[in-house]
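The values are calculated or read from the model by the stated rules, or taken from the named source; none is laboratory data. Note that this is a predicted model, so its numbers are computed, not measured. Here the Cβ positions follow ideal geometry from the backbone for every residue, glycine too, while neighbour counts run over all protein chains shown.
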Amino acid sequence: MKPHSLPPLLLRAGLRYQRRHPWQAALALIGIVMGVAVVLAVYLANEAAKASFALSAEQLRGAATHRATSADDQVPEIVYTRWAVDPGHPPMAPVVTGQLRIDGQTGRYRLVGLDLFAEGPFRDELPGAINGEVALGDWLAQPNAAALSRSAADTLGVGLGDRIQVRFEGSPYELAVFAIIETTSVASRDLILTDIATAQAVRGSPGFISHIDLKLTDDAALAWLKERLPPGLEIVDIAQQTRSTLGLSASFELNLTAMGLLALLVGLFLIFNAISFSVVQRRNLLGRLRALGVRGDEVLRLVLAEAFVLGCIGTLLGIVLGVWLGQGLTRIVAATVSQLYYQAAADALQLDALSLFKAVALGLGGTLLAAWLPAREAAATPPLTTLSRAKLEQRVQARLPRLALSGGLLILLGLIIAFRVPGGVVSGFVGLFLLILGAALVTPSGLRLAHRLLDRLPGSGIWRMAVRDLDRHLSRLGTAAAALMVALAASVGVAVMVESMRLAVSDWLQDALSADLYVAAEGFQDGASLPATVAAQAARWPQVSAISRYRDRSLQVAGRRMTLIAADLAPPTRTGFDFTSGAQNRAWSGFDRGELLVSEPLAYRLGLSTGDRLSLPTPTGPIDFAIAGVFRDFASEHGRAFLERSKYQGIWSDDRVDSLALFSDQGGQGLQRALDPVLRDNPTLQVTEADGIYQESMQVFDRTFRITEVLRWLSLLVAFIGVLSALMAVQLERRKEYAVLRALGLTRQQVSTLILLESGALGLLAGLLAIPLGIAMAWILTDAIQLRAFGWSMPFVVSPGPLWLTSVLGVLAALLAGIYPAWRSAWRDPAPMLRED
Amino acid sequence: MRLMLTLVSVLVLIACEATAPPDPGPVGTVRVDQRMGGTADPGFARAITVPEFTFPRDHGPHPEYATEWWYFTGNLHTSTGHRFGYQLTLFRIGLEPGMPVTDSAWRTHQIYMGHLAVSDIGSGRHHSAERFARAAAGLAGAELGPLHVWLGPWSIRGDPVATFPLHLSAQGEGFAIDLRLERGAKPRIDQGEQGLARKGATPGKASYYYSFTRLPTHGEILIGERRFAVSGSSWWDREWASSAMPASQVGWDWFALQLTDGRELMFYRLRDQDGRTQAFSSGVLVSADGAHRKLQAADVRLEATRHWQTDDGIRYPVAWRLAVPDAGLDLHVETAFDDQEMHHSVRYWEGAVGVSGSHNGVGYLELSGYAR
């Protein structure tokens, strides 16, 4: 027989084996399917969220290459109109934008006011799309004419001629639907288009536009503009600008990315476990083939061919399941995004080539890799050794110290990379990945250690058998335990991170919300400011013992947004500040001299500390401010800075006030009663007690992390199913062994107990090992990744809840996995089992 | 007379600024309605009675009427004999009558459309451009004291005291004009019945219309990197109306000729669906001393002698025999070169022509309603 004629025969042998052990094949398949599905689902949901954001942000960008804008998006329209009558001007278009709320709707909508006559070079479909629907005269002259995309109209449930009550910064305005645009280029769900005049009216900002879109094809055009650029305005390259200014909070996105990576890890482990087990359990067959003269490389090829078939089927099914799961997830993500940021479409799910490639790479690549390692080992081993289970276990055990050592080193390396190596979020994730890998390598040694400890406990014979089995079957159980451990640890890590953040935010809020009452104009969240009379008279209101005044302003610093808050801060407000750099009294005396207090994220991002200087754009050009202190702040990931209000007024000539913090000896409710007559005169004032703001803020926090929770549970569920199937496969493989035990006189009860004990012990062990790993992961997520991403430092708090939930889940999964094999081994007649093979 | 905007139910293109390519392609279009054809909003004033023009007031805008234009054409040449024709037209289009709400400086009922063309006769190339803007926020508009009509960077500026000289400045991609138009010796000609030019039998189917038929012109034409110092003479038409054109008319052939003997001849032939000359076709013959007489359809014999066909099959009559027997005129009017088509939101042919036959001269010819 020529060597090359063997493979078909071998393949048949392999397939026959699979057919005779359908359970094993099916369970390995489940591992692959679950792994692929969860990764694909999370990936699709993430991509849908990002795509919906990108669509919303970029579809209106059109052909613009640059943008003339100011730090606060208030460009005097005369800048544009002057350029427009100058013969040398490049293609340009004025744009007025704003965030709208719509009565009765959640989320924000984007108002975009355009001059159709200037749009030709930028969004060439738009004029036709609008004008096909509405007479030009109406579009220009009707002060309420608006056009919606089809999806926006569907979301709002409105049709042509319907009216929509919108609010900009709390001020109401009525728009009417004059056109519904069917073209896909303006499909964004959150888009309300109007003529530029109407947009100015909605914003209540005559004389100002938000920015000027520019199409600059050469340096001469840029030079032309720069020569004529008034102070306070800048030309921004749009490609560089996209992300930082609009919408989707980076923390939310990081969240999704982290969950995607964890899903990938869990998926990889599941596949690895399922496949490597299916190879390991066939060492006997492989050994026999080798003994019959099959060459090592042929065995290797056989195993890989089989794995390939299994991988193909599993990946295909995984993709189907992943898309289905992804749709559900996408809806949840879209709902969260809609509530927190802007109207996102849940229908943006796209199975593109990249996502398919990822799924195939994971499913097939993971399967082949997982098969290759044990198969290579089996192929390289002398046939007789391969035939012996004991030899395998011996070898595995002999390798344990080396495995544990390299695992330990990886953990160390991971921690070093995460905390000591610069490289931002990426090195944080690399460190995290290494940590997990290291922990997985250590797991078999942990199993061994546990065996030794448990072995010393007094217990029945069955108990001893169960405990010893842990050690005897290390080759199979090791990977399963590692897979379960990684899945559980991921869940612990994320839960602990979220919990830490939640506590930190909650503590910070309670410190920061020191006043008894907060007063703001209605629509304050969207930028409305208080009536001048209210701001001026508030200090004389009855029962008010102290008052702080705030005015927010968005500035562009170092290419990103930040918020400047001009404030008079009363002494009790000041006590709510927690300085991470700079002494308390020095910080306040500096602040009173007109220096800046900057938030931790801003300081982190710009590498600032007390005593440094920060240049802010002002109407009279950039001004350097000294930094008096850095305070802990979770209010904004973009960064905030406080400036004494009189100093601010002197520079910005702006004496508006957005909100007030009132202190009283009477407490919040007493003060509210005392202020009743005042409030009745000013019905548009929003008065909130500190507790109300606290509750609302925490709700926002919880909403942001709701998707994290969902994803955490999903990956846990998948891990659960995967591990369940893996453990079940392990136990089913040992049917014969159990049959022997039965034949030797063990009762059914004893056999079931043995199996359940063994399984439960494994689960418990995985759960216990998952706890330190999970905590370490949370530590990296909190102190390395969050800090690097947002500049948030927070006390790292481990709450017991998730920890023990994890252990319980581990045991539960393992016990469940034991039930069927236990039942089967206990109740089936052992005789046929013994005759097998 | 330039009712160009009117018959064609105009699809005004919001095209690419002044840089519109010859073929606007499938860019977005804005339907401006049949501004002068069809029925205008009854809120607009109509040209019904014989006007009493007052100047400089009537050089300025008449927003109570739906449409109006400042329409300049001319034949120019360099000292070395390189010849050019040019056209600069600013149209005011009232979308709705009355004043808009005043919630924003951008709010308006009025838009401006501009057409600019330079016919480089020396090299046989026609350059053209189109612009749009709303008449608000200083982007486009017309005002008096002194006369200033502008659309983005295109402008017509009058002398603060005497309106003349007029300063015309406009740019397309790779070409521009910068011209001074002097008053010259010829008087203003009030067309039709002392400025009321009837286009149909129904009262109100008319426009207010006056012309300056020979304005000595000099200035500069820019083609690519080359600047040409030019001089010659221009023709200025001013017209405003609300839905002046009867529905039965499909187009017209308009001649504005400046003869070397000092006379000018203007004649427009209104065509119906079958290409027949309509009764309200009319014109004017201005003598060298400025006296003028009205021409009726019956006074003029008009015959197309040669057609030029565009690549997509539109046939324009670009050579004519035009005779006014009782004025001793038997003219051969021939385009300076064939392709002087204006292919923008509105498609028509407008170009420089030469005159020979019984008399010599130059002029401008406008052919509308062929591209249907």
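Scanning segment A:619-632 for residues that are out of contact with any Ser or Thr (no Cβ under 8 Å at 6 or more places or on another chain) and buried (at least 16 other Cβ atoms within 10 Å of the Cβ) turns up nothing. Scanning segment B:165-174 for residues that are buried (at least 16 other Cβ atoms within 10 Å of the Cβ) and either modelled with pLDDT under 95 or facing chain A (nearest Cβ under 8 Å) (or both) yields B:169, B:171, B:172. Screening residue B:117 on (1) within 14 Å of chain A (Cβ to nearest Cβ); (2) among the hydrophobic types (A, V, I, L, M, F, W, C); (3) within 16 Å of the chain's Cα centre (by Cα) shows it passes everything except condition (1). In segment A:741-756, of all residues being out of contact with any Leu (no Cβ under 7 Å at 6 or more places or on another chain) and β-branched (Val, Ile, Thr), the one that is nearest to residue A:284 (Cα to Cα) corresponds to A:755. Only one of the numbered conditions (1) part of a helix (DSSP H, G or I); (2) assigned by TED's automatic domain parsing to the domain that holds residue A:788; (3) free of Cβ contacts under 8 Å to residues at least 24 places away in the same chain is violated by residue A:480, and that is (3). Within segment B:68-112, count every residue that is within 14 Å of another protein chain (Cβ to nearest Cβ) and closer than 16 Å to residue B:365 by Cβ. The qualifying residues number 0. For segment B:295-306, the criterion of being of a type outside the set (Asp, Glu) and buried (at least 22 other Cβ atoms within 10 Å of the Cβ) is met by at least one residue.
Yes/no per residue for (1) surrounded by 19 or more Cβ atoms within 10 Å (Cβ to Cβ); (2) farther than 26 Å from residue A:493 by Cα; (3) modelled with pLDDT of 80 or more:
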| position | (1), (2), (3) |
| --- | --- |
| A:418 | yes, no, yes |
| A:422 | no, no, no |
| A:436 | yes, no, yes |
| A:439 | yes, no, yes |
| A:444 | yes, no, yes |
| A:452 | no, yes, yes |
| A:460 | no, yes, no |
| A:477 | yes, no, no |
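Checking each residue of segment A:163-180 against the condition of being modelled with pLDDT of 90 or more, within 24 Å of residue B:131 (Cβ to Cβ), within 14 Å of another protein chain (Cβ to nearest Cβ) and surrounded by 19 or more Cβ atoms within 10 Å (Cβ to Cβ) gives no match.
Taking segment A:502-599 as the region of interest, the strands (runs of 3 or more DSSP E) fully inside it that hold 2 or more residues being in contact (Cβ under 8 Å) with a residue 60 or more places away in the chain, under 30 Å from residue A:621 (Cβ atoms) and not β-branched (Val, Ile, Thr) are A:546-557, A:560-568.
Please determine whether any residue of segment B:298-313 is in contact with a strand residue (DSSP E or B) (Cβ under 9 Å, 6 or more places away or on another chain), modelled with pLDDT of 95 or more and under 22 Å from residue B:233 (Cα atoms). Among the residues of segment B:298-313, not one is in contact with a strand residue (DSSP E or B) (Cβ under 9 Å, 6 or more places away or on another chain), modelled with pLDDT of 95 or more and under 22 Å from residue B:233 (Cα atoms), which makes the answer no. Kindly indicate whether residue B:337 is more than 26 Å from residue B:68 (Cβ to Cβ), part of a loop (DSSP other than H, G, I, E, B) and among the aromatic types (Phe, Trp, Tyr). Here the answer is yes, as residue B:337 does meet what is asked.
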